[in-house]
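A short write-up of the structure that comes next.
The values are calculated or read from the model by the stated rules, or taken from the named source; none is laboratory data. Computed from a predicted structure; not experimentally measured. When we count neighbours, we look across all protein chains shown, and the Cβ atoms used for this are built from the backbone with ideal geometry, even at glycine. Ligands, DNA and RNA are excluded from the accessible area calculation, which covers all protein heavy atoms including side chains. Shrake-Rupley method; radii C 1.70, N 1.55, O 1.52, S 1.80 Å.
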Amino acid sequence: AAEWGYTKRNGPFTWAKNYPTAAGIRQSPVDIDTALATSDSSLESKPLRWKYVPQNTRTIVNSGHGWRVDVDSEGSELVGGPLEGTYKLQQFHCHWGSSSDKGSEHTVDGQSYAAELHLVHWNSSKYADCGEAADYPDGLTVLGVLLKVGAKNPELQKVIDLIPSISHRGEKTEVKEAIDPAKMLPKTLSYWTYLGSLTVPPCNESVTWILFKEPVEVSEEQLAAFRSLRCYKRGEECPCDEVDGLLISNYRPTLPLGTRELRECGS
Ligand SMILES: CCN[C@H]1CN(CCOCC)S(=O)(=O)c2sc(S(N)(=O)=O)cc21
Ligand SMILES: [Zn+2]
């Protein structure tokens with residue numbers, strides 16, 4: 001089957017053909033209608049806590065759908081907030097648009113941001129690995145960070161510096177200078193949380209989403225670097241009808257929240 005992507009031919013509105021879960025009722029991303037959010041004392045009573053090991057950020061790869069930094073889960077943990085048990089960091093990646101007026105996956109009161117960073121964690125209290133966890137409703141948790149245009153982001157710059165060596169699909173390189181995921185999170189830890197899905201096929205409905213309220217800054221030049229990735233393999237011709245196969249946009253438009261609860265913690 002033609003590989004899914006973000007062009008007219010293989011983009012989000014075609015995914016349900018090959019991945020029926022994409023048409024489910026617990027899909028992500030969603031628009032965060034802040035008036036609908038209910039504050040929940042149980043969230044306030046169990047602060048979200050994380051521990052990451054910067055030395056464990058191993059490789060960065062061009063998945064053909066964006067860049068992804070794979071992490072050795074050992075030593076990491078995410079607990080508290082809406083979570084039962086301990087989750088371990090598996091990977092982090094980003095979504096962006098062809099210009100910085102769009103690109104985030106979640107929107108807030110209809111407003112898009114320039115990009116969105118996702119830190120993917122899996123439930124190590126109940127499952128053996130990320131792949132298994134992805135098949136269960138409580139298997140994954142993704143920390144989402146909204147990115148807006150502003151100052152150059154020093155921690156993300158370590159990713160940007162590696163992009164030229166993974167310009168084509170399938171290319172990967174070792175992350176030599178440790179990247180600390182904790183340094184990419186906002187200062188204030190207020191967040192919204194709801195039950196959703198992977199925002200890429202197979203769109204498994206197995207993600208507890210935790211989206212921080214405070215956006216983090218990234219520069220226009222850094223966003224431009226993201227858009228220089230190519231969606232096809234070196235030496236092959238470009239399959240996607242994107243302007244010369246550049247990955248200029250890789251975000252999924254929002255899906256209805258439906259009857260799902262949207263909770264918030266912190267102002
Ligand atoms: C770069 C995107 N990679 C994928 C790789 N995996 C998906 C396939 O795995 C199934 C066993 S994943 O579960 O790690 C995952 S979560 C997200 S998102 N956008 O919802 O945070 C994307 C991805
Ligand atoms: Zn993502």
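Name the residues of the range 169-187 whose amide N is less than 20 Å from a point 7 angstrom out from the Cα of Asn18 along the C-beta direction? 169-171, by backbone N distance to the label point.
For the range 243-267, backbone nitrogen atoms closer than 13 Å to the point 7 Å from Thr38 Cα along Cα-to-C-beta are found at 259-264.
Each Lys or Arg adds one and each Asp or Glu takes one away; over the other residues whose Cβ falls under 14 Å from the Cβ of Val149, this sums to -1. Taking the protein heavy atoms of the chain in the context of the full set of protein chains, the accessible area attributed to carbon and sulfur is 53 percent at 1.4 Å.
In a fully extended conformation the segment linking Asp101 and Arg58 would gain 12.3 nm over its present Cα-Cα distance, using 0.36 nm per residue.
Stretching the chain fully between Glu237 and Thr173 yields a gain of 20.8 nm (0.36 nm per residue, less the alpha carbon separation). Solvent exposure of the chain, expressed per residue, is 43 Å² of accessible area, with all protein chains present and a 1.4 angstrom probe. Mean separation of Cα pairs under 8 Å and 6 or more residues apart, divided by the residue count, gives the chain a relative contact order of 26 percent. Could you check the simple spin-label distance between Ser45 and Lys152, using points 7 Å along Cα→Cβ, in nm with one decimal? Here the modelled spin labels are 4.7 nm apart.
Where the centre of each part is set by its Cα atoms, how far does the range 202-226 sit from the range 101-173, in angstrom? Centre-to-centre distance over Cα atoms comes out at 5 Å.
Counting heavy atoms of the protein chains alone, Val53 has an accessible area of about 40 Å² for a 1.4 Å probe. Note on exposure: Glu214, Glu221 ranked by accessible area (1.4 Å probe, complete protein assembly) read Glu221, Glu214, with the most exposed listed first. Of the trypsin sites (Lys or Arg not before Pro) found in the range 66-167, those in coil by DSSP whose Cβ has at most 15 other Cβ atoms within 10 Å are Lys126, Lys152. Full extension of the chain segment joining Ala224 with Ala128 gains 30.8 nm, where the gain is 0.36 nm per residue of separation less the Cα-Cα distance.
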